[in-house]
Structure formats: structure tokens, C-alpha cells
1. Mind listing whichever residues of region 199-209 are at pLDDT below 60 and over 21 Å from His248 (Cα atoms)?
2. Among the residues of region 44-56, is any modelled with pLDDT of 95 or more, surrounded by 19 or more Cβ atoms within 10 Å (Cβ to Cβ), in a loop (DSSP other than H, G, I, E, B) and touching a helix residue (DSSP H, G or I) at 6+ places or on another chain (Cβ under 6 Å)?
3. Out of (1) more than 22 Å from Val37 (Cβ to Cβ); (2) surrounded by 13 or more Cβ atoms within 10 Å (Cβ to Cβ); (3) modelled with pLDDT of 80 or more, what's the single condition that is false for Pro168?
4. For region 210-248, what are the residues that are touching a helix residue (DSSP H, G or I) at 6+ places or on another chain (Cβ under 8 Å) and modelled with pLDDT under 70?
5. Mind checking which pairs have a first residue in region 25-41 that is within 20 Å of Arg82 (Cα to Cα) and part of a loop (DSSP other than H, G, I, E, B) and a second that is small (Gly, Ala, Ser) and modelled with pLDDT under 95, Cβ under 7 Å, 6 or more apart or different chains?
6. Consider only pairs whose beta carbons are under 8 Å apart and that are at least six residues apart or on different chains; among these, list those whose first residue lies in region 93-121 and is farther than 13 Å from Ala134 by Cβ and whose second residue is among the hydroxyl-bearing types (Ser, Thr, Tyr) and assigned to a strand (DSSP E or B).
7. Looking at region 124-134 only, could you name the residues that are of a type outside the set (Gly, Ala, Ser) and either more than 17 Å from Val149 (Cβ to Cβ) or buried (at least 22 other Cβ atoms within 10 Å of the Cβ) (or both)?
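The values are calculated or read from the model by the stated rules, or taken from the named source; none is laboratory data. Quantities reported herein were computed from a predicted structural model and do not represent experimental measurements. Cβ placement follows ideal geometry from the backbone for every residue including glycine, while neighbour counts extend to all protein chains displayed.
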Amino acid sequence: MSEQHPWKAVVIPEKSMHRMADALRSPSDHDLKDHPVTQEVMAHLGPQRTVVDIGAGIGRFTVPLAAMGCDVWAIEPSALMRDQLHQALITNKLDSRVHTVAGLWPGVEVPMVEVALAAFVIQFSPDPRQFVQAMEVAATVRCVMAIHVDHMFSGLDDLWAVFHPDRPSPTSPVFRDVYTLLWNEGIVADVRVVEDPPRDGFWRDPHKVLDGLADLLQIDTDAEREHLATLVREGWGTRGGTLTPSSHRWAIVSWTPRKT
């Protein structure tokens, strides 16, 4: 984060929440006990086995952590996401281990925990310094963060230019911005970069592609949607085309919280 690369938080429209929740429920995400994020958290747990999961969403990491014996405080501002998290906890009989808290981080009250986890959510924060400082206040052993190395949906740049030739495509905070922030705060964190294979997300359902792309491309008019549909039919969204999700890199950033 610098004058050349100012922090600009990502804002998710409410209408996009359903598609985001659906994408997070992809079959590959059903059991994340062996996911690098889950394993990073487990490696730093103490005897209490307590975690705060910031921006828990539908419970991608809350559920496996609870299943492995953790007591988790799941922070989630979206009612839609909380409802789906609740259903997952009931289905897996884990509701007694999870305390769901409605609200944004920071700004909610949680007890001290051993590990503070923020997986793929700091980019939504308008004040990342305060976000990080609150993680350090909450955690007694470790702060763990996951953040994309590459801009999400960067493969849409060419298509963005079709509909918005007069302005650059939007970007979101990535690993470079987060690590710069931590460094400027005096935090030297451990980093592990992971590269995932391509994922389908909403791309696997042709009926959802247009709605998802329209959101990402900020398309509002029927004429633009018709133009987009034509481009997709002509092969923009086929595997091997510019809309196909490529493999993507992300980083686990982990550090010992500073205590004053």
C-alpha cells in the first residue's frame, strides 16, 4: 500500500451475495480439513483450541476447525452467509462449538483467542491497519491471513475494455499491498505462496455466467447484456478463452501478535 498503489476496499453488492455463496459451496470445498489455511491455524493452537474466524462466510474454515475440536467465534456481517453457516453447523452437529457474531471486523466484541484468522477478507476492509491491529488484540498466539497474490478475475481485462473503453478495469488489494502494510507497521510475517489449479466457480453453470459477468463488468442495460451474451456464445467464456479462470496464486501470511 503506497501512494502509487492506494488501498481501495472491495465492495460486494447485496445482489452478488447469493452467487458468491453458491460459488463457495463448490464440491471441492466440502472438506477443508487438509486445506493449507486450516492446517496453518491448527499448527498454532494451544490447549484451549480457540479461534476467531473473521468474515467466516458460509463456514469454509469455521466448520472444519470446529469438527477438529476448536471453539470458534465466527464473525460475519451478511445475514445470508450466516444462515447458510447455521445450516452447515446443524447438519454437522457442530453448533455447540461455534459462536456466530453478526457484524464487521473490527467493531464486534470477542474474547481472547489463540488464533485470529482472516481468510480472503481483508480486501473488503476500508481500514486495513485497524483490521490488523484488532487481530493482534484478539489473538494470544498467532494471526493468520490469506490473501490473493494476483488480482481476482484479472482475465476479464480485455472484456472490460469492450464495455468501458474510457476507464481502467477495477483492481482489489492483493498480497503486495497487505505485506507492505504489515512491513510499515513493523510486522515481519512468515509467508507461504500457494498455487491452486483452475476452478470453475459460476463458470460451470452457463445459466449463471451472464449474471456473474454482468456484476463483475458493471453492466446495467439490456443492450449491454445482449452484447455480452453474444460474446460468451462466440467463445469468450469457453475453456482456453480469456474468460476461463486460470490457476491462481494466494498467500498465507502468519505472524506472532505484538503485545504492548
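1. Pro206 - this is the single residue of region 199-209 that is at pLDDT below 60 and over 21 Å from His248 (Cα atoms).
2. Yes, region 44-56 has at least one match.
3. Result: Pro168 fails condition (2) only.
4. Hits for region 210-248 are Trp236, Gly237, Gly241, Thr242, Leu243, Thr244, Pro245, Ser246.
5. These pairs meet every condition: Ser26/Gly201.
6. Every condition considered, the pairs that remain are Pro111/Thr50; Glu114/Thr50; Glu114/Thr140; Val115/Thr50.
7. Applying the first criterion (of a type outside the set (Gly, Ala, Ser)) to region 124-134 yields 124, 126-133.
Selection gives Phe124, Pro126, Asp127, Arg129, Gln130, Phe131, Val132, Gln133.
Yes or no, residue by residue, for (1) of a type outside the set (Asp, Glu); (2) over 19 Å from the mean Cα position of the chain (by Cα):
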{"site": "Asp83", "(1), (2)": "no, no"}
{"site": "Ile90", "(1), (2)": "yes, yes"}
{"site": "Leu94", "(1), (2)": "yes, yes"}
{"site": "Leu104", "(1), (2)": "yes, no"}
{"site": "Ala118", "(1), (2)": "yes, no"}
{"site": "Ile122", "(1), (2)": "yes, no"}
{"site": "Pro128", "(1), (2)": "yes, no"}
{"site": "Glu136", "(1), (2)": "no, yes"}
